[in-house]
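Okay, structure first, notes after.
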Amino acid sequence: MPMALLKHRDMPYTRAMNEHDPIIIVGGGQAAMQAVDSLRRDGYSGGLMMIGEEVYAPYQRPPLSKQFLAGETDESRLAFRGEDFYREHGVEMHLGQRVSQLNTTTRRVVTDNGLDFGYSRLLLATGARVRRLNLPGADLPGVHYVRTLDDSKGLRAALGAATKIVVIGGGFIGLEVAAVARKLGKAVTVVETQDRLLARVVAPVVSEYYRDYHRAHGVDIRLSASVAGLRGSDRVTAVELGDGEVLAADIVVAGIGVLPNDELARDAGIACDNGILVDEYAVTSAPEVLAAGDCASHPNAIYGYRLRLESVQNAADQARTAAATMVGRSQPYVAVPWFWSDQYDLKLQMAGLSQRHDAFVVRGDPASRKFAVCYFKDDALIAMDTINRPADHMIARKVLADTAARKRLTPAQAADETFNLKSLLG
């Protein structure tokens, strides 16, 4: 159920700023919730407001394409915190409200229903939205996306009566949905424009492993395949491929990426480029405005270039940095990115970013369903993907956070399962 609006009350914390206006958080996801928690833990006792476009208090998104979609967990288990958390932390909640105007000169925001608030500091935690299909028939009923709780609820209900599912996109969301649908006994086809699955984020050996695993579970994988359009009259009934083949479909699920919600910042004159540009302290080009999470592009100290990350880790860690900045404590954002994906009985955990690697080695035997791929650039470890090897994943995160350790590991050592990765640390 949507959470009721909660009104601010003074809390027993040491005040860190004297401004009369509250800190306002625009957004209602992981970064927003973490910012609330961190601000209070960091000693801020002033006014605190959250304005979220969804009608729900902050909740976990990863289960939406996994356990929740499969019916293995219910809605009540998705919320990060109960209503008491926001009440006890003195957060004035405005849910189901969209901020339509931001004036950085007067330090005010206006919602689409005319509410007008002043702020002392503003955190943009606006997240991202799904990239939508731009094809004939894309607006037909029966075409689904997975980003919000309502998206997942709608798809879960539709899966019950469906027999044939076509998934457009062979990335994490598409493959997770495909795995859930197969476990539910549905006929599933995945259509991917690239010549391999997960092409942007993993080495070919991992792509091939997941292709073969999905096929072994009965998924029809179509690679190097384009979509010409969707067919149907009152609802979608088929997907037409670029070569003219027609795939029957009761449901079409599109997982073709997301776009940062940076329009509010752009319209306010804040610098943006594939997201809202922030410095290492999460501050935008408007000094009293900060940004964190999927919407923010930050200079990454580990990799030496700007990143906009779509992950739980980034949203939480960057929100902690933003909170520290807002209470006057310098805490630059330095964190190893990590991600995960659950498909069938496989847990893929990724530490670091492999996109610019110039070499990789496999650690372990893929046939055992427990192996890792170590990525190198200029003879230094830059990332590690692990499949059903959680201990290696945790060590990899520590190694990647240690510049010296990253450079000490050689490809030969990484490929040798008898080599103890822990020995690289201190």
- [ ] Say whether the condition of being part of a helix (DSSP H, G or I) and of a type outside the set (S, T, N, Q) is met by at least one residue in the range 186-201.
- [x] no
TODO: Kindly list, by first and then second residue, each pair from a residue in the range 151-172 that is within 25 Å of Q194 (Cβ to Cβ) to a residue that is in a loop (DSSP other than H, G, I, E, B) and among the small types (G, A, S), limited to pairs with Cβ atoms under 6 Å and residues at least 6 apart or on different chains.
DONE: K164/A249; V166/A249; G169/G255; G171/G255
- [ ] Consider only pairs whose beta carbons are under 7 Å apart and that are at least six residues apart or on different chains; among these, list those whose first residue lies in the range 271-300 and is among the aromatic types (F, W, Y) and whose second residue is buried (at least 16 other Cβ atoms within 10 Å of the Cβ).
- [x] Y281/T321; Y281/T325
- [ ] Just give me the residues in the range 59-88 being more than 30 Å from A162 (Cα to Cα) and either of a type in the set (D, E, K, R) or part of a loop (DSSP other than H, G, I, E, B) (or both), in sequence order.
- [x] F80, R81, G82, E83, D84, R87, E88
- [ ] Can you tell me which residue among I270, I221 is at pLDDT 95 or above, among the β-branched types (V, I, T) and in a loop (DSSP other than H, G, I, E, B)?
- [x] I270
- [ ] Kindly check whether there is at least one residue in the range 60-82 that is under 23 Å from F117 (Cα atoms) and assigned by TED's automatic domain parsing to the domain that holds G293.
- [x] no
Open item on the list: On the basis of being crowded, with 20+ Cβ neighbours inside 10 Å, within 26 Å of K66 (Cβ to Cβ), in contact with a Cys (Cβ under 9 Å, 6 or more places away or on another chain) and touching a residue at least 12 places away in the same chain (Cβ under 8 Å), does A396 make the cut?
Closed with: yes
TODO: Answer yes or no as to whether R156 is among the basic types (K, R) and either assigned to a loop (DSSP other than H, G, I, E, B) or more than 30 Å from L39 (Cβ to Cβ) (or both).
DONE: yes
Task: Subset of the range 91-117 [out of contact with any Gly (no Cβ under 8 Å at 6 or more places or on another chain), in contact (Cβ under 8 Å) with a residue 12 or more places away in the chain and either surrounded by fewer than 18 Cβ atoms within 10 Å (Cβ to Cβ) or not in a strand (DSSP E or B) (or both)] - done: R98, S100, Q101, N103, D112, N113, L115
Task: Failed criterion for P62 (all others in (1) closer than 20 Å to L39 by Cβ; (2) touching a residue at least 60 places away in the same chain (Cβ under 8 Å); (3) under 19 Å from the mean Cα position of the chain (by Cα) hold) - done: (1)
TODO: For the range 206-247, enumerate the residues that are within 27 Å of the chain's Cα centre (by Cα), without any contact (Cβ under 8 Å) to a residue 24 or more places away in the chain, closer than 15 Å to V191 by Cβ and crowded, with 16+ Cβ neighbours inside 10 Å.
DONE: R211
Task: Extreme residue, surrounded by the most Cβ atoms within 10 Å (Cβ to Cβ), among residues of the range 133-153 that are touching a strand residue (DSSP E or B) at 6+ places or on another chain (Cβ under 8 Å) and in a helix (DSSP H, G or I) - done: L149
- [ ] Output the residues belonging to the range 327-386 that are β-branched (V, I, T) and under 25 Å from the mean Cα position of the chain (by Cα).
- [x] V334, V336, V373, I382, T386
Open item on the list: On the basis of being crowded, with 18+ Cβ neighbours inside 10 Å, part of a helix (DSSP H, G or I) and among the hydrophobic types (A, V, I, L, M, F, W, C), does A367 make the cut?
Closed with: no
Task: Near pairs, Cβ below 6 angstrom, 6+ apart or cross-chain, from the range 400-419 (in the same structural domain as D365 (by TED's automatic domain parsing)) to any residue that is assigned to a loop (DSSP other than H, G, I, E, B) - done: L400/V336; A401/V336; A405/L425; Q413/F419
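The values are calculated or read from the model by the stated rules, or taken from the named source; none is laboratory data. Since the model is a prediction, treat every value here as computed from it, not as a measurement. Here the Cβ is made from the backbone with ideal geometry for all residues, glycine too, and neighbour counts use every protein chain on show.
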